[in-house]
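In what follows, a single structure is set out as structure tokens and then discussed.
The values are calculated or read from the model by the stated rules, or taken from the named source; none is laboratory data. The structure presented is a predicted model; accordingly, all values stated were derived computationally and were not measured. Here Cβ is always computed from backbone atoms with ideal geometry, including for glycine, and neighbour counts include all displayed protein chains. All accessible areas refer to the heavy atoms of the entire protein, side chains included, with ligands and DNA or RNA removed. Shrake-Rupley method; radii C 1.70, N 1.55, O 1.52, S 1.80 Å.
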Amino acid sequence: MRFLRTVALSLITFCAMPALHAQVAPPLGVLRFATDDWPPFVSPSLPANGMSAAMVSAVFERVGYQVEYEYFPWKRTMQLGLSSPRYAGFMAVWRTPERETRCYFSVPIGNTHGVLAYLKEDGAPGATLQELGKVRIGTVAGYANGEQFDAMVARGELNTEEGLNDATNLRKLLIGRYRVIVIERHVLQHLLRGPGFSRAERERIAVVDTAFRERSVHVCFKRDAGGALQQKRFNEAAREVDLARLERDYWKRLDQAMASVPAAP
């Protein structure tokens, strides 16, 4: 709890940035999105529910909507976001050809870069996906990891095992259950600098950052008339918000906040 209070105090001014509150429209109602706990992009433990959620809330505030986020494991997030009348959609999600048939996508609400994390004592598993061979790779159930990676998995060229979430996979890496895990770089940094992992564990981790390209994440609005309308409202309002500056400021303030938290022994 001390960690969460420290981060919250350091980021509280971010939540009140003038850019988020200028020229707001009269309230129209509440929009809810299904999501999973994926800090620092989306998380109930962070101010404004994380960086991507801060963007979504700021944009929808301009057209008079209050946004609420409800958290589930990722597969459940997708199911509810696409089928339940309670939700306008789900987030934060990478675009894939399959998802294009099920979603109306928002403009980007963050940029991500996947890495291969491994233990320094084991040595690098390779600089490319082709070099991984049959080593055991930890992934998160339901995550899309890029067209090349997913295609190689489908062809049986990579040996993957799905875990519940990134934190669980990182634990399995540290105890030798996996040789390597696929994880987003900001997520890895956030986990390792938090209270769940010690300084000694953090120093054991290294990454290969050449296997994946940078990808944006988006809101997936339902592919129906209501989803098309909300996508249009969101994308039009997003033109009036400096999302790139909001993203930069969030990362800067989060880095400052986490740097002030003593490392776990």
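Computed extension gain for Asp255 through Glu100, at 0.36 nm per residue and net of the alpha carbon distance, reaches 52.4 nm. Go ahead and estimate [θ] at 222 nm for the chain from helices alone: -39,500 (n - 2.57) per DSSP H run with n ≥ 4, summed, over the residue count, rounded to 500. That comes out to -11500 deg cm²/dmol. The mean sequence separation of alpha-carbon pairs under 8 Å and at least six residues apart, normalised by the residue count of the chain, gives a relative contact order of 27 percent.
The modelled label-to-label distance for the pair Arg239/Phe72, using points 7 Å beyond Cα in the direction of Cβ, is 3.4 nm. For the pair Ala141 and Arg185, the difference between a 0.36 nm per residue extended length and the Cα-Cα distance amounts to 14.0 nm. Kirkwood analysis of the chain, using all unique Cα-Cα pairs, places the hydrodynamic radius at 19.3 Å. Counted residue by residue at 0.36 nm each, then reduced by the alpha carbon distance between them, the extension gain from Arg199 to Val153 reaches 13.2 nm.
Close Lys pairs in the chain (alpha-carbon distance under 24 Å; sequence gap of 8 or more, or different chains): 6.
The angle between the Cα long axis of helix 225-238 and the main principal axis of the chain comes to about 90°, on a 0 to 90 degree scale.
With a 1.4 Å probe rolled over the protein heavy atoms of all chains, the accessible area of Thr101, Thr96 falls in the order Thr101, Thr96, largest first.
P(r) for segment 127-265, from all Cα pairs and a bin width of 10 Å, is 9, 30, 30, 23, 7, 0 %, short bins first. For the chain, the longest principal axis of the C-alpha atoms and the axis of helix 51-62 are separated by about 10°. Annotation: segment 198-264 has a Kirkwood hydrodynamic radius of 16.1 angstrom, from the mean reciprocal C-alpha pair distance. Reported to the nearest whole Å, the Cα centre-to-centre distance from segment 94-148 to segment 152-190 is 9.
Dividing the convex hull volume of the alpha-carbon atoms in segment 118-189 by its residue count gives 91 Å³ per residue. For segment 40-94, dividing the convex hull volume of the Cα atoms by the residue count gives 88 Å³ per residue. Qualifying GluC sites (Glu not before Pro) in segment 118-219, where qualification requires a DSSP coil assignment and no more than 11 other C-beta atoms within 10 Å, are lacking entirely.
For helix 243-259, report the angle its Cα long axis makes with the longest principal axis of the Cα atoms of the chain; keep it between 0 and 90° and round to the nearest 10°. Value to nearest ten degrees: 50.
Restriction of the trypsin sites (Lys or Arg not before Pro) in segment 38-144 to DSSP coil positions whose beta-carbon has at most 16 other beta-carbons within 10 angstrom yields Arg86, Arg95, Arg102, Lys134.
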